[in-house]
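Following: one structure in structure tokens, then a few remarks.
The values are calculated or read from the model by the stated rules, or taken from the named source; none is laboratory data. Not measured: the values here are computed from a predicted model. Please note: Cβ atoms are built from the backbone with ideal geometry, for glycine as well, and neighbour counts cover all protein chains shown. Each accessible area value is taken on the protein alone, full model and side chains, heavy atoms only, with ligands, DNA and RNA left out. Shrake-Rupley method; radii C 1.70, N 1.55, O 1.52, S 1.80 Å.
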Amino acid sequence: MRSWRSASEEDTRELGKALAAELAPDGALLLIGALGSGKTVLTQGVASAFGFDRSEIQSPTYTIIHEYARAGSRFVHADLYRIEPEQIQGLGLEETLAGPGVKVVEWADRLPFVVPRALCLRLTEDGVGGRQIVETE
Ligand SMILES: Nc1ncnc2c1ncn2[C@@H]1O[C@H](COP(=O)(O)OP(=O)(O)O)[C@@H](O)[C@H]1O
Ligand SMILES: [Mg+2]
């Protein structure tokens with residue numbers, strides 16, 4: 001299992017960009033970590049590698065799942081922070097995550113099912129202004 005240390009928001013964004021190559025064309029990235037740990041920043045890095053502007057990729061507020069499509073690239077961003085566990089089943093997320101495009105899920109520890117072949121990362125603040133990012137099962 002790999003791990004990285006990010007010293008800055010920019011570092012985390014670059015990691016997302018670097019991971020895009022292994023996520024293309026249809027992979028899923030599951031992100032676990034507290035509020036402010038950098039999940040959205042990492043997601044922006046992934047999205048930028050597929051030509052989506054990072055300003056487009058915000059934390060979904062009322063929409064749990066955002067889908068972006070452009071020039072043959074499909075990118076899905078889900079954030080489960082504001083959803084009740086019993087509501088997740090109704091989103092069709094299991095099908096979406098098995099479907100086409102690159103999919104990133106924030107608060108993926110709330111998923112009530114296993115995502116086959118997903119890359120899973122846990123982000124934590126390291127106490128000295130950086131982030132520890134660790135690949136998990
Ligand atoms: N090394 C780092 N990596 C990512 N974000 C960082 C880092 N250092 C500081 N930050 C700040 O932490 C915040 C992370 O926010 P965000 O990505 O929205 O977190 P999450 O989506 O996990 O709640 C941003 O304000 C960012 O500027
Ligand atoms: Mg977020």
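What to note about this one:
- Overall size of the chain from C-alpha positions, given as principal axis extents largest first: 40, 35, 29 Å.
- Per residue accessible area of the stretch 3-136, 1.4 Å probe, in Å²: 49
- Using just its DSSP H runs of length 4 or more, each adding -39500 (n - 2.57), the chain gives a mean residue ellipticity at 222 nm of -7500 deg cm²/dmol after division by all residues.
- For the stretch 8-77, the Cα-based Rg and Dmax, in that order, read 11.4, 34 Å.
- Within the stretch 1-44, backbone nitrogen closer than 12 Å to the virtual label 7 Å beyond the Cα of GLN132 toward Cβ: 3-6
- If you take all other residues with their beta carbon under 12 Å from the beta carbon of ALA18, and give Lys and Arg +1 and Asp and Glu -1, the sum is 0.
- The fraction of accessible area contributed by carbon and sulfur in the stretch 5-50 is 57 percent, rounded to a whole number (1.4 Å probe; ligands and nucleic acids excluded).
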